[in-house]
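First the structure, in the form of structure tokens, and then the observations on it.
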Amino acid sequence: MTAHLFAISFDASEPLRLAQFWAGLLGREIADDPHEGVLLLPTNDNEFHIRFAPNQQPKVVQNRMHFDLTSSSLEDQRQTVARALELGARHADIGQGPEIDHVVLADPEGNEFDVIAPGNNFLAGCGFVGALASDGSQKVGYFWSQALGWPLVWDQDEETAIQSPLGGTKISWGGPPYMPNGGRDRVRLDLAPAVGVDWQAEVDRLLSLGATRVHTDQEGPGRVVLADPDGQEFSLLTSR
């Protein structure tokens, strides 16, 4: 049995403030995180937690992962953008041209996200958080498909995407050209072993698939930090 995706984890200088922003935008409830920080609870079985972990390291480069939020109409897209700005977001310039039909924003700590225009077939049926869009290789898409037991739903021109068998948010990797590595990633995946699966056995399985151990001050009781084949950090928690 494979590990499951417990949370998308954000480093935050003010975890509660950032959690309040995303709770307001996504319509989720806030809960305490026993591993420090703040959690947003999922609203159904095909969603994941969103975790905000205390970290005072400043954001200096564009994140390699960001949310793509979906829209049912142009008015719905406009309302999502307006609500995000009212909650504390700002418009962001990441080099996008005027021809794009999505809106690029940044949350109160500078984490980028997109509000996608209506009619996006790739994100149809995925829910409001349509995708966790990632900078990464075809190889890493294959790794995560095996690591999570999620099938590939896109594999073309070195771009890949996976999705839980239950549906919901896709995780996608855009292929080359790649963004420069700016050091520690502020947005990461938090995994937990399946119920009844030995934690060390799951660590060994992930290593056999191509992960590597990372020794960092973020590691502690109940958490081991690993990196996927592209060097993107992720955590394996004790069973949650």
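The values are calculated or read from the model by the stated rules, or taken from the named source; none is laboratory data. On a predicted model such as this, the values are computed, not experimentally measured, just so you know. Using ideal geometry, Cβ is built from the backbone for each residue, glycine included, and neighbour counts are taken over all protein chains shown. Note: accessible area is taken over every heavy atom of the protein model, side chains too, but ligands, DNA and RNA are not part of it. Shrake-Rupley method; radii C 1.70, N 1.55, O 1.52, S 1.80 Å.
Using only the Cα atoms of the chain, what are the Rg and Dmax in Å?
Just the Cα atoms of the chain yield Rg and Dmax of 17.1, 51 Å.
Using only Cα atoms and rounding to the nearest 10 degrees, what angle (0 to 90) does helix 138-148 make with the longest principal axis of the chain?
Between helix and principal axis, roughly 60 degrees.
Compute the long axis of helix 199-209 from its Cα atoms, compare it with the longest principal axis of the Cα atoms of the chain, and write down the angle in degrees, 0 to 90, nearest 10.
Helix 199-209 and the main axis of the chain meet at about 70 degrees.
Loop sites only, by DSSP: take the GluC sites (Glu not before Pro) in the chain that have at most 16 other C-beta atoms within 10 Å and name the longest stretch containing none of them.
Details: sites that count: Glu29, Glu36, Glu99, Glu158, Glu219.
That would be 37-98.
Let's test this: bin the Cα-Cα distances of the range 70-119 at 10 Å from zero up to the farthest pair and state each bin's percent.
Whole-percent P(r) values from 0 Å outward: 28, 55, 17.
What is the spin-label model distance, in nm, from Glu159 to Ala194 if the labels are put 7 Å beyond Cα along the C-beta direction?
3.2
For the residue pair Leu87 and Glu75, what label-to-label distance in nm results when each label sits 7 Å from Cα along the Cα-to-beta-carbon direction?
2.2
For the range 132-204, rounded, prolate or oblate, judged on the Cα gyration tensor with a ≥ b ≥ c (square roots of eigenvalues), a/c < 1.5 rounded, else prolate if a/b > b/c?
On the way: a/c = 2.08, a/b = 1.37, b/c = 1.52.
Oblate, since a/c reaches 1.5 and b/c is not below a/b.
Which of rounded, prolate, oblate describes the range 10-107, given a ≥ b ≥ c as roots of the alpha-carbon gyration tensor eigenvalues and a/c under 1.5 marking rounded, otherwise prolate only if a/b is larger than b/c?
In terms of gyration-tensor shape, oblate.
State the antiparallel share, in %, of DSSP beta bridges confined to the range 65-166, rounding to the nearest 5. Don't skip to the end; give the middle numbers.
On the way: 15 of 18 bridges.
Within the range 65-166, antiparallel bridges account for around 85 percent of the total.
Can you tell me the 0 to 90 degree angle between the C-alpha axis of helix 15-26 and the longest principal axis of the chain, rounded to 10?
Roughly 60 degrees, rounded to the nearest 10.
For the range 1-122, what is the accessible area per residue in Å², given a 1.4 Å probe and the full set of protein chains? Show your work: numbers first, answer last.
Details: 5960 Å² over 122 residues.
Dividing the accessible area of the range 1-122 by its residue count gives 49 Å².
Give the shape of the range 81-150 as rounded, prolate or oblate, defined through the alpha-carbon gyration tensor: a ≥ b ≥ c are the square roots of its eigenvalues, a/c under 1.5 means rounded, and otherwise the shape is prolate if a/b is larger than b/c and oblate if not. Mind showing how you got there, number by number?
Values: a/c = 1.87, a/b = 1.71, b/c = 1.09.
Judged from the Cα gyration tensor, the range 81-150 comes out prolate (a/c at least 1.5, a/b above b/c).
Counting only other residues whose beta carbon sits under 15 Å from that of Pro177, what net charge do I get with K and R as +1, D and E as -1? Present the calculation step by step, with values, prior to reporting the outcome.
On the way: positive: Arg64; negative: Asp135, Asp157, Glu158, Glu159, Asp230.
Residues near Pro177 contribute -4 overall.
Just to be sure I understand: with springs between alpha-carbon atoms less than 10 Å apart, which residue in Ser71, Ser208, Ser172 has the highest mean-square fluctuation in the Gaussian network model of the chain?
Ser208
For every other residue with a beta carbon closer than 14 angstrom to the beta carbon of Ala84, add +1 if it is Lys or Arg and -1 if Asp or Glu, then tell me the sum. Don't jump to the answer; show the numbers that get you there.
Values: positive: Arg78, Arg83, Arg90; negative: Asp68, Asp76, Glu86, Asp107, Glu109, Glu112, Asp114.
So the surrounding residues net to -4.
Given a Förster distance of 41 Å, report the FRET efficiency between Glu99 and Arg223 from their Cβ-Cβ distance, rounded to the nearest 0.05.
With R0 = 41 Å, the Cβ-Cβ based efficiency is 0.45.
For the range 50-143, what % of the accessible area comes from carbon and sulfur atoms, probe 1.4 Å? Let's see the in-between values first.
Details: 2240 of 4350 Å².
Ligands and nucleic acids excluded, carbon and sulfur reach 52 percent.
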